[in-house]
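The values are calculated or read from the model by the stated rules, or taken from the named source; none is laboratory data. Quick caveat, the model's predicted, so the values are computed rather than measured. Don't worry about glycine lacking a Cβ; one is built from the backbone with ideal geometry, like all the others, and counts go over all protein chains shown. Ligands, DNA and RNA are excluded from the accessible area calculation, which covers all protein heavy atoms including side chains. Shrake-Rupley method; radii C 1.70, N 1.55, O 1.52, S 1.80 Å.
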Amino acid sequence: MALAPFKGRREDDRLLTGQGRFTADWNFPRQLYGHFLRSDRAHARIVSMRTAEALSSPGVVGVFTGEDVKHFKTPPPQVKYPIKVPRRDILARERVRYVGQEIALVVAESAAAAQDAAEKIEVEFEDLPVVVEGAAALAAGSPQLHEDVPGNLAATYEYGNEQAAADAFARAAHVTRLRLESTRVSGTPMEPKACVAAYDAASDSYDVYASSQGLSMMMPNFVAITGVPAERIRLHARDVGGGFGIRSQAYPEYIALMHAAKVLGRPVKWVGSRFETIVSDHHGRAIELSGELALDRDGRFLGLRVHWICNMGAHLSQAGPIINAVNPSTHAINAYRIPALFGRHQLVLTNTTSVTAYRGAGRPGVSYLVERLVDEAARELGIDPLELRRRNLIPKEAFPYRTPVGSTYDSGDPPGQLEAAVRHSDWKGFQNRRRESERRGLLRGIGCAMFIEPSGGGHAPQEQAAIKFGESGNAVLHVLSGPSGQAHETVFPRIVAEVFGIPEERIALHASDPLGPALIGGGTVGSRSLMSHGGALYATAQEVVKKGLDLAAKELEVSKVDLEFSNGKYRIKGTDRAVAFSEIAKRYGNALDTQGGIATPIAFPGGAHVCEVEIDPDTGVVEIASYVAVDDSGRVMNHTLVEGQLHGGIVQGIGQALAEHCVYDASGQLLTGSFMDYAMPRSDMLRDVKLFDHSVPSPSNPLGVKGAGEAGTTGAIPAVANAVMDALRPLGIHHLDFPFSPDRIWRAIATARRAWGCASSSSSPRRAP
């Protein structure tokens, strides 16, 4: 199915003219305002709390503490493997376990009055020992965060065959070992965390306005925590200023605001500051990665062993146990034929903010570790890194390819992607470009990264959609997606319009509509929307067309077996007598209403990315000289939008590699709580990017598409890492952890120069002897 020429995004007129409606834009009569008092220490007992002065402050109508909300529950895990889930208080009781944890909610007639009053709350703490690193939290004698999680180990997830892997390593001619850190990062969406909660006593129901990546992502959380049935909670998210994985569950603030709204009988609004967003929004990554790659004498991969220590923060997020264990297991071998695999992932609790899905959701950890292992193996064996990849990539004819853990890569062509990336990046001309950089006193490196990653899936076995018609014959589409910039309002109506043969302007999308029909399915996570929501709409639209056959037969006074449908018309076979679908829809309206769906699809996109960097050895500044990405996104239905997704993902991957880092000191204080300290990716980081399509349609869904939202990040992180290490390798530097900041790069170069006697003031990027 190919869509008509792209006319631009339907959403843009609204969003670019200030007509968008984000959480902070919702206001209601008699509305109150909330402010949260947060912990200023990482681990302490709450000895006492005095709130009287705050409660008597001007404009204050309520102060809520942990005792007021202790009846709320902790949601059960969404994974099937054994895991210990510690209680998570809505407002802290007895102990605080990370800086930024919510302690009290002050509600007042204005936001300023609530904030002023919160500063008058007096809390007496008894400080407790702190642990912020995952490996340290596992050590004997480390501070214990929760009595019911001994040793701070929430879970150990294992996959593959340990004995088969051991046998492969026993017969290996060479083993490459590597330890890496996938640094903790903040999602930092443009829209800060915010919520408005309103309670209706007559119906004993709630309206909650908050950013969301889909109604079905958050609703189970609300129900499990509050005990309120789903039919009495209406979640509203008109426009969402960024998701990236961190807007997929009910945060404690939302529950506290619901409670306050019910007790006070008035809507309560809270808009977090940027600091609150960074300190309390769930973080991403924070993984200590270890890997071993076994090779035979010909450089063929025999086995892979991986060990992840996943720093989950003080509590388990909804998605954390999935993306740090289940997701990586499905593609742990990346794009290579590796017959033996064993993985062990430890999920560890520390005195830090919880970790959840962040663009890539576990996938970048796989590609980063495996692609760095491949490059290191090539260096150690003296084999060209491209040649080593060619020897081991899964060939196109081997798809569908079953991995050692039983997951199946549906389709792909990794060797073709690699050759295309080599050609488009002019890999053969790199040495000439390196010499030119050296003449300017700069280091230059090139790096390649292959990847295959899962997309789609979810907890529900089916993805449903509904199509409803009004008296005008216009259609309204209902799905459970939660768009935050992906252009769903543009793409989904166009898919259905092509099926019906009517103008797309006559079709509107209502995504995750709280007043819409009850649907089964998932939200906008895991690069799943087009294959799942789009696929469900396509299948449902086909059912609508079939339903219309009876109505068209009635209009034309023939049997429906005598009709055929094409180009928007029901036509009597072999004649020119016809009736347009638009006429049927206008005459019969809701008689065409249909709810349908598809089995929840999973597909495995992939790609080959090549990055070139230049490094100034005197400043440590890394510049992306060029970037080429060849991607398999399945059938591409809109190149402009897919390229936008890939471009954004690449920039976020570069951001993690070069700049972003949530830093805690030994006492658990967050040192990067504002944009003065937390380095965000900038537009000038990626000036020259070339994107190419090398796709193989997926058989998993009716559109043949694969995910594209996270592929850029999954490919960029290892590509940039390999390029930087290639630039530094002539100086004898073979290992460096993220972020590749100017300071970290400069110090590594200075240390290498001292090690082999080069004057640190020299501007020449001389090679190690």
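Out of residues 5 or more away from Val131 or on other chains, whose amide H comes under 5 Å of its own, with H placed 1.01 Å from N in the peptide plane?
Hits under the 5 Å cutoff: Asn351.
Would you mind computing the Rg to Rh ratio of the chain from its alpha-carbon coordinates, Kirkwood style for Rh?
Expressed as Rg/Rh, it is 0.99.
For the stretch 294-307, take each phi angle, set θ = phi - 60°, evaluate the Karplus expression 6.51 cos²θ - 1.76 cosθ + 1.60, and give the result in whole Hz per residue in order, putting x for glycine and proline.
Values per residue, Gly and Pro as x: 9, 10, 8, 5, 9, x, 8, 6, 9, x, 9, 10, 10, 9 Hz.
Show the residues, 5+ positions off or on another chain, whose built amide H is closer than 5 Å to the amide H of Phe740.
Leu658, Ala659
Sorted by packing (mean other beta-carbon atoms within 10 Å per residue), highest first, where do 295-301, 570-576, 613-619 land?
Ranking the peptides 295-301, 570-576, 613-619 by packing returns 613-619, 295-301, 570-576.
Would you mind calculating the gained length between Arg587 and Glu505 on full extension (0.36 nm times residue separation, minus the Cα-Cα distance), in nm to one decimal?
27.7 nm
So what is the diffusion coefficient of the stretch 266-390 in µm² per second by Stokes-Einstein at 10 °C and 1.306 mPa s, using a Kirkwood Rh over Cα pairs?
So the translational diffusion coefficient is about 98 µm²/s.
Using the Karplus curve 6.51 cos²θ - 1.76 cosθ + 1.60 with θ = phi - 60°, what ³J(HN,Hα) values do you get for each residue of the stretch 573-590, in whole Hz, with x for Gly and Pro?
Ordered by residue, 3J(HN,Hα) equals 3, x, 10, 9, 6, 7, 9, 6, 4, 4, 6, 4, 5, 6, 7, 10, x, 6 Hz.
In whole angstrom, and with the biggest value first, how far do the Cα coordinates of the stretch 469-559 range along each principal axis?
Rounded to whole Å, the extents work out to 48, 24, 24 Å.
So if I take the centroid of the Cα atoms in the stretch 103-127 and the same for the stretch 545-578, what is the distance between those two points in Å?
About 68 Å separates the Cα centre of the stretch 103-127 from the one of the stretch 545-578.
Taking 7 Å along the Cα-to-C-beta vector as the label spot, tell me the Leu671-Leu55 distance in nanometres, rounded to one decimal.
About 4.1 nm separates the two model spin labels.
Quote to one decimal, in nm, the extra length available between Gln542 and Gln19 on full extension: 0.36 nm per residue of separation minus the C-alpha distance between them.
Contour length minus the Cα-Cα distance gives 184.9 nm.
Return the Rg/Rh ratio of the stretch 473-525 with Cα-based radii and a Kirkwood Rh.
Ratio of gyration radius to Kirkwood radius for the stretch 473-525: 0.97.
Using a 1.4 Å probe over the heavy atoms of the protein chains, calculate the carbon and sulfur portion of the accessible area of the chain as a whole percent.
Carbon plus sulfur share of accessible area: 51 percent.
Among 746-755, 471-480, 346-355, 58-67, how do they line up by average Cβ neighbours within 10 Å per residue, starting with the highest?
346-355, 471-480, 58-67, 746-755
Any chance you could run the full-extension gain for Phe275 through Thr619? It's 0.36 nm times the residue separation minus the Cα-Cα distance, nm to one decimal.
Full-extension gain reported as 120.9 nm.
Restricting things to alpha carbons, tell me how big the stretch 31-136 is in terms of Rg and Dmax, in Å.
For the stretch 31-136, the Cα radius of gyration and maximum Cα-Cα distance read 15.9, 51 Å.
Cα to Cα, under 22 Å, and not fewer than 8 places away if on the same chain: which lysines meet these conditions relative to Lys396?
Lys706
Mind listing the long-range amide H neighbours of Ala104? Cut-off is under 5 Å, sequence gap 5 or more, other chains count too, H placed in the peptide plane at 1.01 Å from N.
Residues meeting the criterion, in which the H sits 1.01 Å from N, are Leu37.
In nm², what is the average projected area of the convex hull enclosing the Cα atoms of the stretch 152-302?
With the hull built on Cα positions only, its mean projection is 13.3 nm².
Along the Cα→Cβ direction, 7 angstrom out, place labels at Arg45 and Arg682. What is the inter-label distance in nm?
4.9
Counting C-alpha atoms alone, how compact is the stretch 63-195: give Rg to one decimal and Dmax as a whole number, in angstrom.
Expressed in Å, the Cα Rg and Dmax of the stretch 63-195 come to 21.6, 72.
State log₁₀ I(q)/I(0) for the stretch 136-177 at q = 0.29 Å⁻¹ as given by the Debye formula over alpha-carbon point scatterers of equal weight, solvent excluded.
So the normalised log intensities work out to -0.98.
Using the Karplus curve 6.51 cos²θ - 1.76 cosθ + 1.60 with θ = phi - 60°, what ³J(HN,Hα) values do you get for each residue of the stretch 408-425, in whole Hz, with x for Gly and Pro?
With the stated coefficients, the stretch 408-425 comes to 10, 6, 6, 6, x, 8, x, x, x, 5, 4, 5, 5, 5, 4, 5, 5, 8 Hz.
What ranking of Met725, Met190 comes out by heavy-atom accessible area, probe 1.4 Å, highest first?
Putting Met725, Met190 in descending order of accessible area: Met190, Met725.
Straight-line reach from Lys569: which lysines have a Cα under 18 Å away, not including same-chain ones fewer than 8 places off?
By straight Cα distance, Lys569 reaches Lys546, Lys547, Lys554, Lys560, Lys586.
How do 683-690, 81-88, 312-319, 152-159 rank on mean C-beta neighbours within 10 Å, highest first?
Ranked from most to least packed, the peptides come out as 312-319, 152-159, 81-88, 683-690.
Taking R0 as 45 Å, what's the FRET efficiency between Leu381 and Arg87 from their Cβ-Cβ distance, rounded to 0.05?
Once the sixth-power term is evaluated, E becomes 0.35.
Quantify how much of the Cα-Cα distance distribution of the stretch 632-769 extends past 18 Å, in percent.
Percent of Cα pairs beyond 18 Å in the stretch 632-769: 66.
Determine how large the accessible area of Val130 is when every protein chain is in place; take a 1.4 Å probe and give Å² rounded to the nearest 10.
Approximately 40 Å² of Val130 is accessible to the 1.4 Å probe.
Among the lysines, select those whose C-alpha is under 24 Å from the C-alpha of Lys73, and discard any that sit fewer than 8 residues away in the same chain.
Once the sequence-local lysines are set aside, what remains near Lys73 is Lys84, Lys193, Lys262, Lys269.
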